[in-house]
1. Check each of the chymotrypsin sites (Phe, Trp or Tyr not before Pro) in segment 111-146 and keep only those in coil by DSSP with at most 16 other C-beta atoms within 10 angstrom; list them in order.
2. Under 19 Å between alpha carbons, and skipping anything fewer than 8 positions from LYS90 in its own chain: which aspartates and glutamates qualify?
3. Can you give the accessible area per residue of segment 1-42, in Å², using a 1.4 Å probe?
4. Going Cα to Cα from LYS79, which aspartates and glutamates come in below 15 Å? Please leave out same-chain ones fewer than 8 positions away.
5. Normalising by the residue count of segment 112-206, find the relative contact order in percent from Cα pairs under 8 Å and 6+ residues apart.
6. Sort HIS138, HIS53 by heavy-atom solvent-accessible area, probe 1.4 angstrom, most to least.
7. To the nearest 0.05, how large is the calculated FRET efficiency for ASP28 and LYS79 if R₀ is 30 Å and r is the Cβ-Cβ distance?
8. Roughly how many whole Å is it from the C-alpha centroid of segment 130-152 to that of segment 3-37?
Amino acid sequence: MRPQERLAVIQRCVIREMARLGQVFRSDGDVVRGPGTTAVAVRDHPGDDGSGHVDLGFVLHLGRADAPVVWDCAAGLGKTEEEKLANAVKMWATTTASVLVELAEGRGVHADHADLPELPGWHAVQGPAAVFGFGNEHLAGWLAEHRVLPALAPALRAEVTGPGPVGVKLFLGGKAGDDIAEVRVGGEVSEAASAALHALDWPRGERLCWARLFVLLTAERAAPVPAAPAGAAAPAPWRAPAAARPRGLFARWREARRAGR
């Protein structure tokens, strides 16, 4: 697939997936513009060979040189390159874009909120976990019942710096004897946090199963909210939804089972 064809496919998929989150986006050159000052940028994935990797950056304030851009990469499975790209964008939308939309709206609809004493000064917004593979209900159930981010906090404190927002992506799974745990902070692998994640007692079965999660950390009670379009209602103030309290940050896993990485 030629670069422009690939870009067009990714942009169409972004528009479709954002519509499922209630957001109207449209193609505009190399970016996909959304409500207010939001946009999604696409960049080439290093060494891409048709494997279905996408690198997407959610722009919070388009046009501002100092505007934060939350980058994330995802990969999708499929028989064709277009199918792989579509599944990769779907994965990104499920786990990552849902967090950015929640950051803008602040209604507790697309993701959960939490202020964690283990990460003082930071506010966490967690989207649904995508769990896929054989016997994924065991890993999904474990994630729903355990608060993983607090367990990683000691390893994350030294790496979560600056005004934010800081994206923290977790990928874990595999099978017994052949498992993987990776934590990326701002797109870079954190060896300490990855080791801490690997040390947790999440279930390792006899068949392959994985999970992908995304958390956005912002300065406590100072989350950047994109400007709303003229005439639009102001976003609701921050609140911790009741559903997040009894089951923790990962309670929304049921919304996103059997997705691709």
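The values are calculated or read from the model by the stated rules, or taken from the named source; none is laboratory data. Worth saying up front: this structure is predicted, and the values here are computed from it rather than measured. In this analysis, Cβ positions are derived from the backbone assuming ideal geometry, glycine residues included, and neighbour counts consider all displayed protein chains. Ligands, DNA and RNA are excluded from the accessible area calculation, which covers all protein heavy atoms including side chains. Shrake-Rupley method; radii C 1.70, N 1.55, O 1.52, S 1.80 Å.
1. On the way: sites: TRP122, PHE132, PHE134, TRP142; in loops: PHE134.
Hits after loop and neighbour filter: PHE134.
2. GLU5, GLU17, ASP44, ASP48, ASP55, ASP72, GLU81, GLU82, GLU102, GLU255
3. Values: 2190 Å² over 42 residues.
Here the per-residue accessible area is 52 Å².
4. Hits, sequence-local ones excluded: ASP49.
5. Numbers: 111 pairs, mean separation 22.0, N = 95.
For segment 112-206, the relative contact order is 23 percent.
6. I get HIS138, HIS53, largest accessible area first.
7. Working: r = 31 Å, r/R0 = 1.03.
E(calc), rounded to 0.05, equals 0.45.
8. Measuring centre to centre over Cα atoms gives 30 Å.
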